[in-house]
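Down below is the structure, laid out as structure tokens.
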Amino acid sequence: MKKETSIAIIFGIVFGAVIAVFIILKNKDFQLQKTKTIAPDIKTKSKTNPNLINANLLEIVTPTDGMIVNKNLVTIKGKLTQKSLVVVQSPLKDYVKEIDKGDFNFDFSLALGENVINISVYSKDPVIRNQEKQIKVYFLDQL
Amino acid sequence: MKKITLIVLLFLSLTTFGVNAQSPQASAGAKISPTATVDDKEIQLFKNKVATKVAELREKNNRAIAGFVVNSKDGLIHIKSSDATEYDVKTDDNLTQYFQINGSSKKEIKRDDIVKDDYVIISGILNDKTMDTNVLYRDEYFFVASGKITAVNNVDFSLSVVDSDKDNIILDVENSTNQYLLDVKTLQLSKIGFSKIKEGDTIQLVARRKDLRVPNKYTAIRYIVIPQEYFIK
């Protein structure tokens, strides 16, 4: 074989190898560009929780927790910051009403002994978190 | 004779003057009583103020506590409330009265009728974690809560609920359970059957503990279901 032919073959092999490497690398980049990663980035993670507002929907003025009374009735007085569905429940009675924003008051019957009164407030606005307060009122006639 | 008459007349006039002289002493004695009356009034006013203040303080510091009897011996009952706070209740054999609450009335019972796991209510002055009481009521414990229904078991007729404290509770529904559904349009409550309840509905419940040794399992007395449709605009 001639010297020139050998050199040409060697150059051809080297050139071919260079082109092959180039093609492989380019293909890798192209594949990476095509494939979307599953792991979320930090920006999207912070937006996964809806912006639930912990608005103070409900304020109860009376009765206070642990209050002792000597009659079978108590007036529940409070304030709503938005029109809401108010559900008041005790072992004796249920009270359900949609109440407008502002002050409210209504009478609630009591049983002799301990009355665990659950006052829940539901807003139709999905952004506003529902609220609940539990108050224990004791009707003891031996005062 | 004239001299004697004059002396007698002088003597008589002097004694009359002496009698007159006594009247200023009587008026001096009359001036002392108004001062005593003023002092009495002030003392009485002070007593009334103190009594009112004591009554106000007593009313302010008068507390009621309730809990399950842990143990009971001699003049002391140890109780544990539903929030796991422990109290000592001091009773007196001669003074303390014991009652059983039956609906809207009460019936007197004996000290020995109060046993472990009874739910009792006491009122009095709370000193740290100790209370002296003259009256003790035995009552039934009710669990009142709200939450979301996470599972409906149509085989056992039970509901799995996550309450507002994020506790998982199992609610057994019995024939005697009063079940109500809120009508989303009229906001009226109507009686329903177990089949109307769906996962994801909101529930407000009143229940009693099945067994003190098994936490988070209750028998439903009454509940109101607020359907998910209420919250859809």
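Which condition breaks for A:I117 when tested against (1) under 27 Å from B:T186 (Cα atoms); (2) assigned to a loop (DSSP other than H, G, I, E, B)?
(2)
Any residue at all in region B:225-232 that is of a type in the set (A, V, I, L, M), within 12 Å of chain A (Cβ to nearest Cβ) and surrounded by fewer than 16 Cβ atoms within 10 Å (Cβ to Cβ)? Give the derivation first.
Pass one, region B:225-232, residues of a type in the set (A, V, I, L, M): B:225-226, B:232.
Cutting the leftovers down to within 12 Å of chain A (Cβ to nearest Cβ) gives us B:225-226, B:232.
Okay, now just the ones that are also surrounded by fewer than 16 Cβ atoms within 10 Å (Cβ to Cβ), so B:232.
Yes, that holds for at least one residue.
When region B:85-110 is examined, which residues are found to be within 20 Å of A:N115 (Cα to Cα), exposed (fewer than 11 other Cβ atoms within 10 Å of the Cβ) and either in contact with a strand residue (DSSP E or B) (Cβ under 7 Å, 6 or more places away or on another chain) or in contact (Cβ under 8 Å) with a residue 60 or more places away in the chain (or both)?
Of everything in region B:85-110, just one residue is within 20 Å of A:N115 (Cα to Cα), exposed (fewer than 11 other Cβ atoms within 10 Å of the Cβ) and either in contact with a strand residue (DSSP E or B) (Cβ under 7 Å, 6 or more places away or on another chain) or in contact (Cβ under 8 Å) with a residue 60 or more places away in the chain (or both), namely B:K107.
I need a count of the residues in region A:120-140 that are in contact with a Leu (Cβ under 7 Å, 6 or more places away or on another chain) and either among the aliphatic types (A, V, I, L, M) or at the interface with chain B (Cβ under 8 Å from one of its Cβ atoms) (or both).
At the first step, the residues of region A:120-140 found to be in contact with a Leu (Cβ under 7 Å, 6 or more places away or on another chain) are A:121-123, A:127-129, A:131, A:133, A:137, A:139.
Filter once more, keeping what is either among the aliphatic types (A, V, I, L, M) or at the interface with chain B (Cβ under 8 Å from one of its Cβ atoms) (or both): A:121-122, A:127-128, A:137.
The number of residues fulfilling the criteria is 5.
Within region A:88-116, which residues are farther than 20 Å from A:T64 by Cβ and within 10 Å of chain B (Cβ to nearest Cβ)? It would help to see each step written out before you state the result.
First, pick out the residues of region A:88-116 that are farther than 20 Å from A:T64 by Cβ: A:94, A:96-102.
The answer is A:D94, A:V96, A:K97, A:E98.
Restricting attention to region B:63-84, report how many residues are out of contact with any strand residue (DSSP E or B) (no Cβ under 8 Å at 6 or more places or on another chain) and not basic (K, R). Spell out how you get there, then give the answer.
Here is the first cut: in region B:63-84, the residues out of contact with any strand residue (DSSP E or B) (no Cβ under 8 Å at 6 or more places or on another chain) are B:73-74, B:83-84.
Filter once more, so that each one left must be not basic (K, R): B:74, B:83-84.
Number of matching residues: 3.
How many of the residues making up region B:177-199 are more than 14 Å from chain A (Cβ to nearest Cβ), touching a residue at least 40 places away in the same chain (Cβ under 8 Å) and out of contact with any Phe, Trp or Tyr (no Cβ under 7 Å at 6 or more places or on another chain)?
4
Can you tell me which residues in region B:111-139 are among the charged types (D, E, K, R) and surrounded by 14 or more Cβ atoms within 10 Å (Cβ to Cβ)? Even if it seems obvious, please write down each step before you answer.
Initial filter on region B:111-139 (among the charged types (D, E, K, R)): B:111-113, B:116-118, B:128-129, B:132, B:138-139.
B:R111, B:D118, B:D132, B:R138, B:D139 - these are the residues of region B:111-139 that are among the charged types (D, E, K, R) and surrounded by 14 or more Cβ atoms within 10 Å (Cβ to Cβ).
Which pairs have Cβ atoms under 6 Å, sit 6 or more apart or on different chains, and link a residue in region B:61-75 that is of a type in the set (A, V, I, L, M, F, W, C) to one that is in a loop (DSSP other than H, G, I, E, B)?
Partner pairs satisfying both residue conditions: B:F68/B:D117; B:V69/B:K116; B:V69/B:D118.
When you scan region B:178-193, do you find a residue that is under 27 Å from A:I135 (Cβ atoms), polar (S, T, N, Q) and touching a helix residue (DSSP H, G or I) at 6+ places or on another chain (Cβ under 9 Å), even just one?
Within region B:178-193, one or more residues are under 27 Å from A:I135 (Cβ atoms), polar (S, T, N, Q) and touching a helix residue (DSSP H, G or I) at 6+ places or on another chain (Cβ under 9 Å).
Report the residue count in region A:64-84 for those that are at the interface with chain B (Cβ under 7 Å from one of its Cβ atoms) and in a strand (DSSP E or B). Full working, then the answer.
Of region A:64-84, the ones at the interface with chain B (Cβ under 7 Å from one of its Cβ atoms) are A:66, A:68.
Those still in the list that are in a strand (DSSP E or B) too: A:68.
Number satisfying all stated conditions: 1.
Against the definition (in a loop (DSSP other than H, G, I, E, B) and under 21 Å from B:Q228 (Cβ atoms)), how does B:G200 come out, yes or no? Before the answer, list the steps.
Numbers: in a loop (DSSP other than H, G, I, E, B): yes; under 21 Å from B:Q228 (Cβ atoms): yes.
Taking the combined requirement at face value, the residue satisfies it.
Just checking, which of B:V135, B:V144 is at pLDDT 95 or above and β-branched (V, I, T)? It would help to see each step written out before you state the result.
On the way: B:V135 fails: at pLDDT 95 or above.
Result: B:V144 is the single residue among B:V135, B:V144 that is at pLDDT 95 or above and β-branched (V, I, T).
Answer with yes or no whether A:K124 is outside any strand (DSSP E or B) and basic (K, R). Show your work before the answer.
Working: outside any strand (DSSP E or B): yes; basic (K, R): yes.
So A:K124 fits the description; yes.
Can you list the strands (runs of 3 or more DSSP E) lying wholly within region B:52-136 that have 3 or more residues being within 12 Å of chain A (Cβ to nearest Cβ) and closer than 26 Å to A:Q134 by Cα? Before the answer, list the steps.
Working: elements: B:62-73, B:76-80, B:86-90, B:97-102, B:105-109, B:119-127, B:130-132.
Fully inside region B:52-136 and qualifying: B:62-73, B:97-102, B:119-127.
The values are calculated or read from the model by the stated rules, or taken from the named source; none is laboratory data. Predicted model, so just to flag it, every value in this text is computed and none were measured. Reconstructed Cβ throughout: ideal geometry from the backbone, glycine too, with neighbour counts over all protein chains shown.
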